[in-house]
Structures are given as structure tokens and as C-alpha cells.
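*Asks:* Have a look at this one before I ask anything.
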Amino acid sequence: MKYDVTVIGSGPGGYVAAIRCAQLGLKTAIIEKYNVLGGTCLNVGCIPSKALLDSSEHFHNAAHAFKDHGIELENLQVNLQQMIQRKAGVVKSNNDGIAYLMKKNKIDTYYGLGSFVSKNTIKVTDAEGKEQQIETDKTIIATGSKPTSLPFLPVDKQRIITSTEALTLTEVPKNMIIIGGGVIGLELGSVYARLGSKVQVVEYMDSIIPTMDRALGKELQRILKKTLGFEFFFNHKVTGATNEGETVKVTAENPKGEAVTFEGDYVLVSVGRKPYTEGLGLENAGVQLGDRGMIAVNDHLETNVPGIYAIGDVVRGAMLAHKAEEEGVLVAEQIVGQKPHINYNLIPGVVYTWPEVASVGFSEEQLKEQGRAYKSGSFPFKASGRAKASGDTDGFVKVLADKETDEIIGVHMIGPRIADLIAEAVTAMEFRASAEDVARMSHAHPTYAEAMKEACLAATENRALHI
């Protein structure tokens, strides 16, 4: 079989790239190593974690917030088996949805390990070892990433686990130790803390979510301690972990260099992810790797081999599903001669804790490092009528604008439903709006989005109206 384009990997970047290629009239194939489509994001990442985050948030609210709303419950219990079952149903529904989209767009789907035989020939080896080869003019590599492990701390998938195993636990841990204060650890830690686990975060750096604006990490840390009882141990260097049968021990060095021990029934290793290119046979096509095992690409996401592209987590940039999707569309449109663009500075980042955290553009730390003059305006949700009505008054919106032009150059939020609200900031920044522009836009009342308008008012001559 001969194709115009073959996509290896069916995660958000891969299947979206395949759809866009097919929409543009290209005969397209997609190869997936596992027996379901969707990649890490859908099967063991974004979607299942959000399903558990929603379920656990319902339980936490029922236990702690409903009474204030005049709703009283007795004998409230966690049914973890049902939560996991519901999560599996959500994943299955999305799996089926992607399979439908492949058929609708007449994309041929191959299940098995895709590997290069040469630049234009790809071998697909299924789970039973049966091989077939396809020919292709262009190839898009979209094989994503997998959790990073520490060389001195092997994951046994029993007591020492990654995010994948944390999504299928059969019991609520009494004490969960999380190595790493990044997005994945805090989200999954939130799930189990809401269900009753004591959560301890051991972090090498001096703050959580260190890649985001520092004010967000500081506020999230305060809220997680207050609402879920998180304990944080910063500037701690983990040195090992041992499975003790029913428990696990984690050893570390504290900031003074002293040996300390943490004991729990599970330890979640969430220290980042690394590109996944194993078994691709890149050497057979002559594709070169770059830094940290990533596939080296140019500004058009083309590798050193003409006609072979790479997108998403296997190339430089943030490891985010929506970034991979944008890159998939960009490559497809470039192949047919169009001239799309991606503004990487406007790829938003989101943490799905509660409250949610979201950010786009430059942080204050980055602007100070650049020596760029800026204005800042903030608005707290405790002054929002909508937030008061729902009882979600933690957090704030912070808008950073260029001091001379007033153009919005960074927006940082922590609060209710701001994973959706950050899209307003992205839209404004894509069209290079000023803080004054957004401050003049009518925002429905009462809404959480009013906090964005108020923060823009604060950034322009400090004239927020409701504080």
C-alpha cells in the first residue's frame, strides 16, 4: 500500500495531523503501537486524570462544602472501584470517538509498532509479530513521551509507581508520597488527598510548578495546604526508595544535607517525561536526535531528512497535548504548500487542581530577566460576586502589560474554572490587545471572567471597580 502521508502515533498530535492531512486530500495512514487510539493523553494521561479529578472533587465537595449550601448527607463513602470504572468508560468513549474520526476521514489505521525500513518504507509489526510494509511519501512522527524514571529509584509498579499506575489503584492510600511538585504529581495528589489520603510532596526545587509565574505556585501551595492538608518538603534531594511490602520508604537529603526518611503506602514518581522514540528505527531513515533524546527539527518541524517530520513531545517545547495538535495541523498544511504559523509564546499551560491554575505569555520572572518594563494588575476572586455565590473565592487573575504600549504580554490565573478562562487571554494576546482593550469589553455579570476585565482595569492606572 502506498500513502501520501503516514503518521506514527495516534495521540492528540498524531490523530489530529492525520485528520488534517485527510481533509486536505492526502491519502493518509496512521500507525498505533497499542490496540487503542488516543496515545498517552487519552489512555493514561490527560483524560483519565481529569475524570478522576472530577469524581474526587464531587466527593470532596459533598464531604466539606455541601453542608454550607444547605445539603446534608449521611454515610458518605468513596467507591473507588466505581470511580475507576467510570474513568475507564470515559476513556473508552473517547477511544471510540477517535476510531470514528479515522473512518469518517477515510484514514487507514494500522495497529502495531511502526518502524522505518528506509526513508519511504515503514514496517508495521503487530502484537503477534506479524509484519507488513507500507510505502509513504511523507511521514509524521508523533510518538509522544513516557514518564522519566530516576536511575537510583526503579519503579516496581506495585508500591513505587508512575502516573500510569496511579490511575488504576484499587485502594485509597493512607499516605501517598509524591516525588516532584510539578503538574502531574499535584493533580494526582489532589485526587487521593480529596479521597482521604495524607499527601506529602518531596521537591528538589524551592517551589511547586516552578516553570509557571512564581505567584501561582505560592498561592497553590497555600491553598493545597489549607484545603487538602498537603505537606511540602522543598530543597530535598531524593536518594532512594524501597518497597517494604505493605509500605514504601523514601530516603532523601534535606536542605542541611541531613538524611531523612518518608514512609507511606505508595510513592508516586512524577519527575517529568522524556521523548519516546524506542523501536522507531530512526537510524534506518537517517533521522538524527537532538538534545535529551528529542528528535531534532527545523522551524517547519521537518527533521534532517526531507519529508520526515516530528511533532509533539518528541520535539522541543512544552509537552502539552494542545501544542502537539497545533503542530500536527501546521505540518499537514505545510505539506500541501500552505503557510500556517504557531505562536509558541501563546501556548497556554494549565494545572487541573482545584482551584485550577493557568498561564500564558511571559511570567514576571521572565520579564525581569529580559529587563522589559511592564505593568501589573491583579484581581482576587474573593472580590468576585460569581465566586462568592459558588463559594470558590481562592485565587486571582494577574495581567502583565507592556509599560509603554499597554499590550498584554502575560496572564496568570489561579481560581475556579480558569482552565477555560485562559482562552480569553490567549485570544486577546493573539490579536495583540492592550489591557485597555479588554478593560473596555463588556463581560457578562456575574461570571468568573469578570476577574479578567478587573485585572486589566487594575493594570491600566489601577482602576479596578470592585475592590
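*Asks:* Suppose every K and R has +1 on its Cβ and every D and E has -1 on its Cβ; what is the size of the dipole of the chain about the Cα centre, in Debye to the nearest 20?
*Replies:* The dipole of the chain has a size of about 280 debye.
*Asks:* Another one. Over region 313-452, how many percent of alpha carbon pairs lie in each 10 Å bin up to the one with the longest distance?
*Replies:* That works out to 11, 37, 33, 16, 3, 0, in percent per bin.
*Asks:* Okay, helix-only estimate at 222 nm for the chain: each DSSP H run of n ≥ 4 adds -39500 (n - 2.57), divide by all residues, round to 500 deg cm²/dmol; what do you get?
*Replies:* Rounded to the nearest 500, it is -10000 deg cm²/dmol.
*Asks:* How big is D, in µm² s⁻¹, for region 114-183 by Stokes-Einstein at 10 °C and 1.306 mPa s if Rh is the Kirkwood radius over C-alpha pairs?
*Replies:* Diffusion coefficient, whole number: 98 µm²/s.
*Asks:* If you don't mind, there's one more thing I want to ask. Can you tell me the dipole magnitude for region 160-271 around its Cα centre, using point charges on the Cβ only (Lys, Arg +1; Asp, Glu -1), in Debye to the nearest 20?
*Replies:* 400
*Asks:* For LYS27, give me every one of the lysines with a C-alpha distance below 26 angstrom, ignoring sequence neighbours fewer than eight places off in its own chain.
*Replies:* Within reach: LYS2, LYS103, LYS104, LYS106, LYS119, LYS123, LYS130, LYS138, LYS323, LYS339.
*Asks:* Taking a ≥ b ≥ c as the square roots of the Cα gyration tensor eigenvalues, with a/c under 1.5 meaning rounded and otherwise prolate when a/b beats b/c, else oblate, which class fits region 160-271?
*Replies:* Verdict is oblate for region 160-271.
*Asks:* Using the Kirkwood formula on the Cα atoms of the chain, what hydrodynamic radius do you get, in angstrom to one decimal?
*Replies:* By the Kirkwood definition, the hydrodynamic radius is 23.9 Å.
*Asks:* Could you state the number of Å between the C-alpha centres of region 400-432 and region 144-176?
*Replies:* 35
*Asks:* Net charge around LYS453, counting only other residues with Cβ within less than 10 Å of its Cβ (Lys, Arg = +1; Asp, Glu = -1)?
*Replies:* Net charge in that neighbourhood comes out at -2.
*Asks:* Just to check, using Stokes-Einstein with a Kirkwood Rh over alpha carbon pairs, what's the diffusion coefficient of region 86-239 at 20 °C and 1.002 mPa s in µm²/s?
*Replies:* For these conditions, the coefficient is 112 µm²/s.
*Asks:* Another question, if that's okay. Starting with the highest mean, order 383-389, 397-403, 411-417 by the number of other Cβ atoms within 10 Å, averaged over the residues of each peptide.
*Replies:* The peptides rank, most packed first, as 411-417, 397-403, 383-389.
*Asks:* Name the residue farthest towards the positive end of the dipole of the chain from the options ILE208, SER149, ILE161, assuming +1 on Cβ of Lys and Arg, -1 on Cβ of Asp and Glu, about the Cα centre.
*Replies:* Final value for the positive-end residue is ILE161.
*Asks:* Related question: Need one number: convex hull volume per residue for region 1-88, Cα atoms only, in Å³.
*Replies:* 114
*Asks:* Please compute the Kirkwood hydrodynamic radius of region 246-346 from all pairs of different C-alpha atoms, in Å with one decimal.
*Replies:* Taking the inverse mean of 1/r over all distinct Cα pairs, region 246-346 comes out at 16.7 Å.
*Asks:* With +1 on each Lys and Arg Cβ and -1 on each Asp and Glu Cβ, and nothing else charged, work out how big the dipole of region 323-467 is about its Cα centre, in Debye to the nearest 20.
*Replies:* Charge dipole of region 323-467: 360 debye, to the nearest 20.
Coordinate-derived values only; no laboratory data. Just so you know, these numbers come straight off a predicted model, no measurement behind them. Note that each Cβ is placed from the backbone with ideal geometry, even for glycine, and that neighbours are counted across all protein chains shown.
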